[in-house]
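Chemist: I am attaching a structure below and will ask some questions about it afterwards.
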Amino acid sequence: MSEARFGEFVLVRRHGYVAELVLDRPKAMNAVSTEMARSIAAACTALGADRDARVVVLTSSHERAFCVGADLKERNSFTDADLMRQRPVARGAYTGVLELPMPTIAAVHGFALGGGFELALSCDLIVADRTAVVGLPEVSVGVIPGGGGTQLLPRRVGAARAAELIFSARRLEAAEAGELGLVDQVVEEGRDRDEALALGARIAANSPVGLRAAKRALRLGHGLDLRTGLEVEDAAWRSVAFSGDRAEGVAAFNEKRKPQWPGE
């Protein structure tokens, strides 16, 4: 298992074809400072260009929190000009995760609030253990979810449910979050990372070309009318139909062996 550090607060571990992106600012419960936001974005840029990374799993090094959101202690010292200068840096962290081309999984335990939950929402799938507490409480401190929450949450749970959760700023424990669809899988306490990495390994056994194309079709087609969505799907199909992965997948199936994906 190899490791690479991006700044002081972000670590990337490699587990074969699964890359683990670790939020590693435990002294602040992974509150996202300006420096940490830059590091998340840099790590995502590197991962997006890594053809050997078939799946990314977003985890936390803190025992009691995934991420508590923006670093409000840092922001308390900001002038209005400071806040405006930080805005594109902060956005870069969330869009960095959101725009990763391969499947992404968040492993959540403890607090995942505000920007912390938005990082999880930026992933394709969320695995949470029973200690997880999630929510978007930004209106309680005079702002709004600004890391994608107003757009990503309704795509998961519907417009009215998202409105209730965002307007009330309430926190949900894991069981209710699972019932309402804010997270996809609820596992035993302390098992979120292991289960997310195991799921990542199962996904990574499939064609990397197919995975990226399927994600592209899912993301680009969402919210379009059916006819347009099917055109998006057709374009994604055409991008893989004549690939080396497609040829290897068909050959391996007929030869009753595991495919050795060329990744192209």
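The values are calculated or read from the model by the stated rules, or taken from the named source; none is laboratory data. Quantities reported herein were computed from a predicted structural model and do not represent experimental measurements. Here Cβ is always computed from backbone atoms with ideal geometry, including for glycine, and neighbour counts include all displayed protein chains. Heavy atoms of the whole protein, side chains included, go into the accessibility calculation; ligands, DNA and RNA do not. Shrake-Rupley method; radii C 1.70, N 1.55, O 1.52, S 1.80 Å.
Chemist: Out of (1) under 24 Å from LEU121 (Cβ atoms); (2) not in a helix (DSSP H, G or I), the odd one out for LEU220 is which?
Modeler: LEU220 satisfies every listed condition except (2).
Chemist: While we're here: Can you name the condition, by its number, that ALA120 falls short on among (1) within 17 Å of ASP192 (Cα to Cα); (2) in contact with a Pro (Cβ under 7 Å, 6 or more places away or on another chain); (3) in a helix (DSSP H, G or I)?
Modeler: Every listed condition holds for ALA120 apart from (2).
Chemist: Quick check on region 159-196: of everything there that is assigned to a strand (DSSP E or B) and open to solvent by 60 Å² or more (accessible area, probe 1.4 Å), which residue is farthest from ALA107 (Cα to Cα)?
Modeler: By that ranking, first place goes to GLU173.
Chemist: Consider GLY142 against the criteria (1) surrounded by fewer than 24 Cβ atoms within 10 Å (Cβ to Cβ); (2) of a type outside the set (A, V, I, L, M, F, W, C); (3) under 28 Å from TYR17 (Cβ atoms): it satisfies all of them except one. Which criterion is unmet?
Modeler: GLY142 satisfies all of (1) surrounded by fewer than 24 Cβ atoms within 10 Å (Cβ to Cβ); (2) of a type outside the set (A, V, I, L, M, F, W, C); (3) under 28 Å from TYR17 (Cβ atoms) except (3).
Chemist: Out of curiosity, is GLY200 modelled with pLDDT under 95, of a type in the set (Gly, Ala, Ser) and open to solvent by less than 30 Å² (accessible area, probe 1.4 Å)?
Modeler: no
Chemist: Against the condition without any contact (Cβ under 8 Å) to a residue 40 or more places away in the chain, surrounded by 15 or more Cβ atoms within 10 Å (Cβ to Cβ) and not basic (Lys, Arg), how does LEU226 come out, does it pass?
Modeler: In short, no.
Chemist: Take LEU218 and decide whether it is among the hydrophobic types (A, V, I, L, M, F, W, C), out of contact with any helix residue (DSSP H, G or I) (no Cβ under 8 Å at 6 or more places or on another chain) and open to solvent by 50 Å² or more (accessible area, probe 1.4 Å).
Modeler: yes
Chemist: Within region 1-77, considering only strands (runs of 3 or more DSSP E) that don't extend past its boundaries, which have at least 3 residues that are touching a helix residue (DSSP H, G or I) at 6+ places or on another chain (Cβ under 7 Å) and open to solvent by less than 30 Å² (accessible area, probe 1.4 Å)?
Modeler: Correct list: 18-23, 55-60.
Chemist: Among the residues of region 224-240, is any in contact with a Gly (Cβ under 6 Å, 6 or more places away or on another chain) and small (Gly, Ala, Ser)?
Modeler: Yes: region 224-240 contains one or more residues that are in contact with a Gly (Cβ under 6 Å, 6 or more places away or on another chain) and small (Gly, Ala, Ser).
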